[in-house]
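Let me begin by presenting the structure, written as C-alpha cells, before commenting on it.
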Amino acid sequence: MASVRLSNLSKRYEGNGTNVVDRINLSIEDGEFMVLVGPSGCGKSTTLRMVAGLESVSDGDIYIGPTIVNDMPPKQRDISMVFQNYALYPNMSVYENMAFGMRLRKTEKHIMDSSVKQSSRVLEIEHLLERKPRQLSGGQRQRVALGRALVRQPQVFLLDEPLSNLDARLRVQMRAEIVELHRQLATTTIYVTHDQIEAMTMGTRICIMKNGKIQQVGTPEDVYTRPSNLFVAGFIGTPPINIMQGTVVELGEKGFAFTTKRFTLRLPKRYEATIRSQSLMNRNVFLGVRPEFASLPAYYGGKSDGLEIRGEVFFSELVGADRYIHVHIGADAFVFRAPAYERVPIGELVDIVLHPEALLLFHADTEERLPDERD
Amino acid sequence: MRLWPRKSRLNRLSPYQLLLVLLMTLLAVFMLMPIVFLFNHAFKPMHELFLYPPTFLVRDATWVNFLDLLTVSKSTIVPASRYLFNSLLTSVLTVVAATFISILCAFPLSKHQFKGKTLLFSSILVSLMFAPETVQIPRYYVISSLGIVNTYFAHILPMVALPVIVFLFKQFIDQIPNDLLESARMEGASEFRVFMNIIVPLCIPVVATAAILSFQSAWNNLEASQLFMEDETMKTLPFYVSTLTSGLANSVARQGVAAAAALLMFLPNFIIFLLLQSRVISTMAHSGIK
C-alpha cells in the first residue's frame, strides 16, 4: 500500500490555453479514502485519470509512495480502477474478466484461481463466475468491476463515479459495501463523484474542486460545518445552505449586526475580532445558515438573542422524518427544517429563529468564509 | 387445433400496414424473379433453352448442363473443376485476409491519435468513390513490379484492401467504449493484446457483413484472371464463365453449359448470404441506431 501525493499538478489540452486542472496540491495518506467531488467539468475525473496514467501530466508531479510516476505507463503503477460504466469485457465470462490482468502477467493457474475465488467470495459473486457480463444486473456488474479491481491487490484503488449508473436504492447499499470493503482492506482509495452525499458518507476526507482548483480539503464534518468559501458551503448539503446578502453595522456596545432592507440580526460575539481586523463595518457580507440551524421558535431551546426573521410560507416539503419549509423573505427564498408533523399553512407569516452557533459569514468580494474565534 | 391462432386486436395490422405488406411482397417477388429464372434456366434441356417466346419455368428438368460443364469441358486443356478450385481458394483466402487486415486498420483509425490520421481516413473514403476501371492500369503496374504476376498473390492482394469494410469496422469500433480499452491497458495489456482480446472478439458480428462483402467482390472478380494471369490453370471461374459465351463467335454453342455455370457462380453468394443474413441485418440496424 502507498500514499499518493499530487504536487502542483496541472493539465492543459492543446489548442485550449486554460488549465483543466490548475496546480493542485493534495496529499493522500496511506490507507485513506479520499473523495474528489465537484460539479461536472471541475477537473476531478481528469485528476484521477492522471493518477491512473490515462492522461499525460502537463505540469507538476504525481507521487505514488516515494516514486514520481509522471511518465510511468499505467500498468507499472500498481493501481486499479473501476470505471463508471464498469468496462467489463463483454466477450469474457466473469471469471475471465477478473483473471484477465493476472493472465497477462502469466500468473500460475492455482494462484489465479484462488485469488479470483477469494475476491468473489468477499463480493458475493461466486455463483456468477461462469456468466457473461450481459447476463448480470447492474448491481452485479458493479460488483464484478470491483472484484476485478480487487483481485490484483493494488497499491491504490481509483474509482470513477462507480455508482452513478445504479438506481437509488442499490446506490445506497453499494455505498455502504464499498466503505465496508475499504475498512477491511485499508487500501488507499481515490473516489471521484459529483454526488455530495456520496462524498459526505464515504470519504475519510473530501476534496472539493471547482474549475480545476481545489476549494477545500477536509473531513466531512469540517467541510460541512466550516466550509472555506461560498461555493463549498453551497455545494455540500441538501437542501442547500441559505445565503443572504447584507451589510455589517456597528451597534455600539452591543457589538455588530447584519442588516438587510427587511431585518437586522445581531451577530455573535465570536465574529467581532474579525470584523474589526478586516474593518468590515458598513461593508457587504454574505450570511449563511443551514436549513437545520433555523427553526420555528417553539423548537429552539436556546435564547433567540435577536436572531429572528419573518417569512411567508410558500412551499412545504415532507422528506420522511423532516419537513422543509420554504418561505419568502421579500424576494429571497429561505428554507428551514421543522418536524414532519408540523403543518404550516401556505401563505402564513412565520417567525424563524436562526441558531447563533451555526451562523457563517462570507466576505462579499473574495467569497471566503470569515474566520471567527473558533478557527 | 386451430390453424390460425387468433390474434389479439393489438397484433392485427391496420389497413395501411396491410397495403404496405402487400406492396413489399410484390416487390420481393419481382426481385426474386431473376433468381428463379437462373435456377430454372440451368436445368433446361437444349431445346427449351432456345424456345421463343422463352419459358420462365423449366418443363423437362435435366442435369445434362452440369454434366456437360464437368465432362465436355474436360476435353479442353483445363477442366472446369480447376477454375472452381482456384476461385474457392482465392476467395476464402481473400475473405480471411481482408477481414483481419481491415480490423487491424480500423482499430488505430478509430481509437488512436496520430499525425495524418484524418488525411489517411479521408483518403480511404475517397478511394470508395473510384470506379474500378480507373485503377486497372496502375494496379497492373504495381502487380507486375511486385513480380507476382501469375501467382495466387495477384488474385488475393488487390482484393484485400476493401475500403468499405475498413469503414464498416471503424464505425463499429467507434462505439466500443474507451473505458474498456483503458481498463485493459491498466491491467497490463499491450496494444496487440487489447486488439486480439477485446477488439477482435467484439467485432465478430460485423465480420459476417464484411465476409459477405469481400467474398462477393473476390468471387466475382474477373480482372485478376484477365490481366494478371498468364497460365490458364491459374484463372478463376468468372473468367471461365465469361469465355463460355462472349468469347465465342456464335452465341448458340454451350448456352446450356453457360446457364449451369451461371448458377454455380451464383450459389456460393446465395448460400453465404442465407447463412449470415440475420447477423448482417443486425449489424446494419446496430450501426444505424447508435
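Tabulated values for the structure
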quantity	calculated
Near pairs, Cβ below 6 angstrom, 6+ apart or cross-chain, from region A:311-330 (in the same structural domain as A:PRO345 (by TED's automatic domain parsing)) to any residue that is among the aromatic types (Phe, Trp, Tyr) and surrounded by 12 or more Cβ atoms within 10 Å (Cβ to Cβ)	A:GLY311/A:PHE334; A:GLU317/A:TYR324; A:ILE325/A:PHE336; A:HIS326/A:PHE314; A:HIS326/A:PHE315; A:VAL327/A:PHE334; A:HIS328/A:PHE314
Qualifying residue in region B:130-137 (condition: buried (at least 17 other Cβ atoms within 10 Å of the Cβ), among the acidic types (Asp, Glu) and out of contact with any helix residue (DSSP H, G or I) (no Cβ under 7 Å at 6 or more places or on another chain))	no
Qualifying position, being assigned by TED's automatic domain parsing to the domain that holds B:ILE103, over 30 Å from B:ASP231 (Cβ atoms) and touching a helix residue (DSSP H, G or I) at 6+ places or on another chain (Cβ under 8 Å), among B:ILE148, B:ILE156, B:ILE143, B:ILE173	B:ILE173
Hits in region A:33-60 - residues which are β-branched (Val, Ile, Thr) and either more than 14 Å from every other protein chain (Cβ to nearest Cβ) or within 21 Å of A:ALA186 (Cα to Cα) (or both)	A:VAL35, A:VAL37, A:THR47, A:VAL51, A:VAL57
Some residue of region A:42-55 being part of a strand (DSSP E or B) and modelled with pLDDT of 90 or more	no
Residue satisfying condition, being among the polar types (S, T, N, Q), over 26 Å from A:VAL335 (Cα atoms) and in contact with a strand residue (DSSP E or B) (Cβ under 8 Å, 6 or more places away or on another chain), within set A:THR247, A:THR204	A:THR204
Flag for B:ALA106 being outside the structural domain of B:ILE176 (by TED's automatic domain parsing) and hydrophobic (A, V, I, L, M, F, W, C)	no
A:LEU166 vs. criteria away from chain B (no Cβ under 14 Å) and modelled with pLDDT under 90	yes
Residues of region A:78-89 satisfying the condition of being assigned to a strand (DSSP E or B) and within 8 Å of chain B (Cβ to nearest Cβ)	A:ILE79, A:SER80, A:MET81
Among the residues listed as A:VAL51, A:VAL35, A:VAL21, the single one being over 30 Å from A:GLY139 (Cα atoms), in the same structural domain as A:HIS182 (by TED's automatic domain parsing) and surrounded by 23 or more Cβ atoms within 10 Å (Cβ to Cβ)	A:VAL21
Residue in region A:135-149 that is surrounded by fewer than 16 Cβ atoms within 10 Å (Cβ to Cβ) and assigned to a loop (DSSP other than H, G, I, E, B) present	yes
Residue in region B:193-206 that is in contact (Cβ under 8 Å) with a residue 12 or more places away in the chain and within 17 Å of the chain's Cα centre (by Cα) present	yes
Lone qualifier among A:ILE178, A:ILE190, A:ILE197 - being within 28 Å of A:VAL20 (Cα to Cα), of a type in the set (A, V, I, L, M) and buried (at least 19 other Cβ atoms within 10 Å of the Cβ)	A:ILE190
Subset tally (residues that are part of a strand (DSSP E or B) and either touching a Phe, Trp or Tyr at 6+ places or on another chain (Cβ under 8 Å) or loosely packed, with under 14 Cβ neighbours inside 10 Å (or both)) for region A:7-18	6
Residues that are basic (Lys, Arg) and loosely packed, with under 15 Cβ neighbours inside 10 Å, drawn from region A:316-375	A:ARG343, A:ARG374
Identity of the residue in region B:144-190, closer than 30 Å to A:LEU159 by Cβ and more than 11 Å from chain A (Cβ to nearest Cβ), that ends up surrounded by the most Cβ atoms within 10 Å (Cβ to Cβ)	B:PHE172
Region A:61-77, subset more than 10 Å from chain B (Cβ to nearest Cβ) and part of a loop (DSSP other than H, G, I, E, B), residue nearest to B:GLY188 (Cα to Cα)	A:MET72
Qualifying residue in region B:206-217 (condition: within 14 Å of another protein chain (Cβ to nearest Cβ) and at pLDDT below 90)	yes
Enumeration of residues in region A:96-117 that are more than 14 Å from chain B (Cβ to nearest Cβ) and surrounded by 19 or more Cβ atoms within 10 Å (Cβ to Cβ)	none
Among (1) more than 19 Å from B:MET159 (Cα to Cα); (2) buried (at least 20 other Cβ atoms within 10 Å of the Cβ), the one test that B:MET229 misses	(1)
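Residue-by-condition table, conditions (1) part of a strand (DSSP E or B); (2) within 31 Å of the chain's Cα centre (by Cα); (3) over 22 Å from A:LYS261 (Cα atoms):
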{"position": "A:ASN282", "(1), (2), (3)": "no, no, no"}
{"position": "A:GLY288", "(1), (2), (3)": "yes, yes, no"}
{"position": "A:GLU292", "(1), (2), (3)": "no, yes, yes"}
{"position": "A:GLY306", "(1), (2), (3)": "no, no, no"}
{"position": "A:SER316", "(1), (2), (3)": "yes, yes, yes"}
{"position": "A:HIS326", "(1), (2), (3)": "yes, yes, no"}
{"position": "A:VAL335", "(1), (2), (3)": "yes, yes, no"}
{"position": "A:ILE346", "(1), (2), (3)": "no, no, yes"}
{"position": "A:ILE352", "(1), (2), (3)": "yes, yes, no"}
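The values are calculated or read from the model by the stated rules, or taken from the named source; none is laboratory data. Owing to the predicted nature of the structure, the values given are computational and were not obtained by experimental measurement. When we count neighbours, we look across all protein chains shown, and the Cβ atoms used for this are built from the backbone with ideal geometry, even at glycine.
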